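The values are calculated or read from the model by the stated rules, or taken from the named source; none is laboratory data. What you are looking at is a predicted structure, and each value in this text was computed from that prediction instead of being measured. Glycine gets a Cβ as well: all are built from the backbone with ideal geometry, and neighbour counts include every protein chain shown. Areas reflect the complete protein model, heavy atoms only, side chains present, ligands, DNA and RNA absent. Shrake-Rupley method; radii C 1.70, N 1.55, O 1.52, S 1.80 Å.
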Amino acid sequence: MSTLDSKVPGGPLKDKWTTYKDKIDLVNPANKRKIDIIVIGTGLAGGSASATLAEQGYNVKAFCYQDSPRRAHSIAAQGGINAAKNYQGDGDSNYRLFYDTVKGGDYRSREANVYRLAEVSSNIIDQCVAQGVPFARDYGGLLDNRSFGGVLVSRTFYAKGQTGQQLLLGAYSAMNRQIARGKIEMYNRHEMLDIVKVDGKARGIIARNLITGELERHSAHAVVIASGGYGNLYFLSTNAMGSNVTAAWKTHKKGAYFANPCFTQIHPTCIPRSGDYQSKLTLMSESLRNDGRIWVPAKLEDVKAIREGKKKPTDLSEDERDYYLERRYPAFGNLVPRDVASRAAKERCDAGFGVNKTGEAVYLDFKSAIERYGKEQAKIHNEENASAQRIYDLGKDIVEAKYGNLFQMYEKIVDEDPYKTPMMIYPATHYTMGGLWVDYNLMTTVKGCYAIGEANFSDHGANRLGASALMQGLADGYFVLPYTIGDYLSHDIRTGAIPTDTTAFEEAENSVKDTLDKLVNTGGTKAVDYFHKKLGNIIWNKVGMSRNETGLKEAIAEIQELRADFWKNVRVPGGTHEVNRELEKAGRVADFLELGELFAKDALTREESCGGHFREESVEIDGPQKGEAKRDDENYTFVSAWEYKGLPSDAVLHKEELKYENIELKQRSYK
C-alpha cells in the first residue's frame with residue numbers, strides 16, 4: 001500500500017486554482033496544431049472538453065458508441081444544474097456551495113477539487129446562456145432558480161424538466177462547429193476496447209467499429225476518459241441501457257487506480273419496478289421534491305386496503321398520512337439529500353408500508369402544491385371567491401408549467417394522472433461517485449490519461465447532491481481540463497505524430513481480438529442478459545442501499561462463481577466482423593463481472609457508514625441521530641484507490657488521506 005499524491009497546489013483554498021493557472025506551462029497556438037488528443041465519450045463532460053480543446057487549436061478525435069453525440073446519456077438529466085450565482089439573494093456563495101457539496105458527500109471528497117468546482121460554477125451558466133441554452137426565467141426575464149436536496153438556498157438553474165438535453169445540445173453545437181472546421185474528427189458507433197501505453201504514457205486506443213466489426217488503432221499524445229459511470233452494474237438502473245464501464249475498466253487494467261467503487265448513489269424518486277422482465281428504470285427528477293410531499297399511510301390496514309384496491313390514496317385524510325421525511329427531518333423536510341431520502345423510503349417499505357403490489361413504493365403528492373399555487377394565482381387575478389375547481393385549475397397550470405413533461409412521462413408509463421393521484425416512487429441506482437482516481441490535474445495514475453465527469457471520483461465524496469452532476473461534467477470539460485492538460489502537453493511539442501505500427505499497438509489489438517474471439521466461440525447456452533440480471537440481483541440485494549459483512553462476503557463468492565460460469569456458458573450468436581449487439585453486451589458484462597467483485601470488496605473494506613455506503617454495523621444507536629449513518633473519521637478519512645493485479649481479489653489498496661483545513665469534520669444532520 002502506498003499514499004497517493006493528489007498534487008493539490010499550496011496556498012489558501014480560495015487562491016489555489018487561480019495561482020495554479022498563473023504558473024502552469026502553456027502550449028502556444030502553433031504547437032497546439034501538432035498535438036492530438038483522444039476523447040472517449042461525448043456527453044456533457046466529453047462533449048464540452050472536445051469542443052473546448054478543439055477551439056484552443058488541438059486536434060481532437062472524439063469517440064462514442066451511439067450513432068450521434070446527442071444520444072449520450074447526459075440528455076436524460078432532468079432537474080437542473082447548480083451554480084453559486086446568488087440570484088435569489090438568499091445568502092449563497094462559492095463557499096456555501098463548496099460546504100454543501102462536501103457535507104452532502106459526507107466528508108469524503110477532496111477540499112481543493114470541490115472548491116474549484118464551486119468557483120467555476122458561475123462561469124458554466126454564462127457559457128451556456130451564451131450558447132443559447134433556454135434556461136427558465138422569472139416574470140421579469142431574469143434566470144430563475146429552484147431548490148434541490150441537501151441545501152438551504154435556491155441555486156439550481158433549469159430548463160423545465162429537460163436541462164440535460166438543453167445543455168447537451170449546447171455542447172453538441174459547439175462540437176459541430178469544430179467538426180465543420182476539421183478540428184474534431186468524430187467517430188460515431190465506435191467503442192474503445194483498450195488503451196495503449198508507450199513508455200508508460202497513454203498514447204492511443206484500440207477501438208471497434210460497431211458497424212463493420214473492424215478493430216482500429218488510433219494514436220494521440222493524451223487520452224481523456226469521459227465515458228460516464230457504472231450504474232448498470234445493477235442491471236436495473238436509470239442509466240441508458242448502453243451505459244457501461246468498459247473504457248474506464250480497460251484503463252484500470254492498464255494501470256489507472258479505481259477509486260471508491262462502492263460509493264454509488266441510489267436516487268429516491270424513480271418509478272418503481274413493475275416486474276422481472278423490466279430492462280431499465282425511469283427517473284422522476286429530484287426537482288419534484290420542491291413541491292411534492294412524500295408520504296405513506298400511517299396505518300398498516302390502510303396500506304393493505306390500497307394494495308387490494310379497496311381504497312385509493314386520495315381517500316386518506318391528512319391525519320391518516322405519514323409524511324415521514326417532514327417528521328424525521330423538520331429542517332430540510334422533503335429536500336434531504338438523496339442517500340437520506342432513499343434509506344428513509346426503504347425503512348418505511350421494509351416496515352410494511354410500501355403502497356404498491358410489490359411493497360416497494362411510497363407516494364409523491366402534489367395536492368398541497370396545486371392548492372397553494374392556485375390560491376396564489378387567484379389572489380393575483382383578484383378572484384376573491386374562487387371555487388375549489390378554479391383553484392385546482394389555476395394551480396395545475398403552474399405545476400404543469402414547471403414539471404409538465406415529467407408528469408406526462410409518468411402518466412404514459414404508469415397510466416395514472418399524477419395531477420389527481422399521487423405518484424408512486426421508489427429508490428433506484430442512478431449515479432456513481434466512484435471512478436478512476438485522478439489528481440488535481442484530473443490525470444489518472446497513467447501518465448497522459450485523464451478522466452473527467454462521472455468517469456472520475458473527484459468531487460462528490462460518498463453522495464452527490466442533486467444538480468451537481470451536470471455542474472461537474474461541464475466544469476471539467478469547459479474550464480478545468482483545458483488548463484491542466486496543456487501543462488502536460490507542453491512537454492510533447494517536439495514528440496511528433498505517434499505511430500500506430502508499433503509493438504504496443506499490435507499487442508493491444510491482439511489482446512482485444514483474442515477476447516472477442518473467445519466470447520463468440522464459447523458455445524454456451526445462456527444469454528448475456530441472464531448473467532447481467534443475476535449480477536444485478538446480487539449487487540442490489542447485498543451491495544445496495546444497505547450492506548453488512550455477511551452479505552458482502554456472500555456477494556464476492558457469488559460473483560466469482562457467476563463470472564466463472566459466464567466464461568464457460570455464455571452464448572454470443574453471430575461473429576466479430578458485423579453488427580453484433582450481443583457481442584457488445586457480452587464485453588460490457590464481462591467487465592461488470594470483474595468490477596462487481598471489486599465493488600463488494602471495497603464495501604467490505606470500508607467498515608463505516610458514509611453517504612450512499614451504509615454499513616448496518618455502523619449506525620448511531622442513541623441520541624438525536626439515532627438510526628442514522630455513523631462515520632468513522634479516525635480510521636476512514638481517505639480515498640480508497642485500488643490497483644489492478646490480475647484478479648479483483650488480488651487488487652491492492654492505496655490510500656489518499658483527506659485533510660480538512662477549511663471545514664470542520666462532524667456528523668451530518670438534516671434534522
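Remarks
- Portion, in percent, of the accessible area of the chain that falls on carbon or sulfur, probe 1.4 Å: 47
- Antiparallel bridge percentage (DSSP; both residues within the chain; nearest 5): 70
- For Asp15 and Arg494, a Förster radius of 56 Å and the Cβ-Cβ distance give a FRET efficiency of 0.95, rounded to the nearest 0.05.
- Inter-probe distance in nm under a simple model that places probes 7 Å from Cα toward Cβ, at Lys280 and Asp633: 4.0
- Each residue, Lys304 and Asn548, gets one label point 7 Å from its Cα in the Cβ direction; the gap between the two is 2.7 nm.
- Within region 503-629, the proportion of Cα pairs with more than 18 Å between them is 60 percent.
- For the chain, the longest principal axis of the alpha carbon atoms and the long axis of helix 503-520 meet at an angle near 50°.
- Summary value for region 316-407: 17 percent relative contact order, contacts being C-alpha pairs under 8 angstrom separated by 6+ residues.
- Hz values of 3J(HN,Hα) by residue in region 531-538 - Karplus curve (6.51, -1.76, 1.60), Gly and Pro given as x: 6, 5, 5, 5, 4, x, 5, 4
- J(HN,Hα) series, region 121-132, from Karplus relation 6.51 cos²θ - 1.76 cosθ + 1.60, nearest Hz, glycine and proline x: 4, 5, 4, 4, 4, 4, 4, 6, 4, 5, 7, x
- Region 27-135 gives an Rg/Rh value of 1.03, both radii derived from C-alpha positions and Rh following Kirkwood.
- Across every direction, the projection of the convex hull enclosing the Cα atoms of region 355-489 has a mean area of 12.4 nm².
- The residues neighbouring Gly333, those whose beta-carbon lies less than 11 Å from its own, together hold a net charge of +4 under the Lys/Arg +1, Asp/Glu -1 convention.
- Rounded to the nearest 500, the helix-only mean residue ellipticity at 222 nm of the chain stands at -11500 deg cm²/dmol, with each DSSP H run of n ≥ 4 adding -39,500 (n - 2.57).
- Taken as Cα centroids, region 247-286 and region 33-106 sit 19 Å apart, rounded to the nearest whole angstrom.
- Stretching Leu647 away from Val129 to a fully extended chain increases their span by 181.8 nm, per 0.36 nm per residue minus the current alpha-carbon distance.
- All other residues whose Cβ lies under 14 angstrom from that of Thr19 are scored, Lys and Arg at +1 and Asp and Glu at -1, for a net of +2.
- With N as its number of residues, region 127-270 has a Cα radius of gyration that, divided by 2.2 N^0.38 Å, comes to 1.33.
- Contour excess over end-to-end distance, with Cα ends at Ala351 and Lys312 and 0.36 nm allotted per residue: 12.0 nm
- Local net charge near Ala401, Cβ-Cβ under 15 Å (Lys/Arg +1, Asp/Glu -1): -1
- Computed from the C-alpha gyration tensor, the three semi-axes of the ellipsoid equivalent to region 271-428 are 27, 17, 16 Å, from longest to shortest.
- Taking 18 Å as the limit for the C-alpha separation, the pairs Lys61/Lys518; Lys32/Lys61; Lys396/Lys420; Lys447/Lys601; Lys103/Lys659; Lys23/Lys61 exceed it in the case of Lys61/Lys518; Lys447/Lys601; Lys23/Lys61.
- Approximate spin-label separation Glu383-Asn537, in nm, with each point projected 7 Å along Cα-to-Cβ: 5.3
- If the Kirkwood radius is taken over C-alpha pairs of region 232-348, then at 37 °C and 0.692 mPa s the Stokes-Einstein diffusion coefficient equals 191 µm²/s.
- From the largest down, region 38-81 spans 33, 24, 12 angstrom on the principal axes of its Cα atoms.
- Here region 139-184 is treated as a Stokes sphere of Kirkwood radius computed over C-alpha pairs; at 20 °C and 1.002 mPa s its diffusion coefficient rounds to 165 µm²/s.
- What the Cα convex hull of the chain gives, in volume per residue, is 156 Å³.
- Note on region 306-375: semi-axes of the ellipsoid equivalent to its C-alpha gyration tensor, largest first and rounded to whole Å, are 20, 19, 10.
- One decimal place: the segment Gln560-Thr358 gains 69.7 nm when fully extended, by the rule 0.36 nm per residue minus the C-alpha distance.
- Considering region 420-477, its Cα convex hull presents a mean projected area of 5.3 nm².
- Folded to 0 to 90 degrees: helix 44-56 orientation relative to the chain principal axis, Cα: 50
- Length-normalised contact order for the chain - Cα pairs under 8 Å, 6+ apart - percent: 21
- Alpha carbon centroid spacing (whole Å) that separates region 349-420 from region 577-653: 38
- Per residue accessible area in Å² of the chain, where ligands, DNA and RNA are left out and the probe is 1.4 Å: 39
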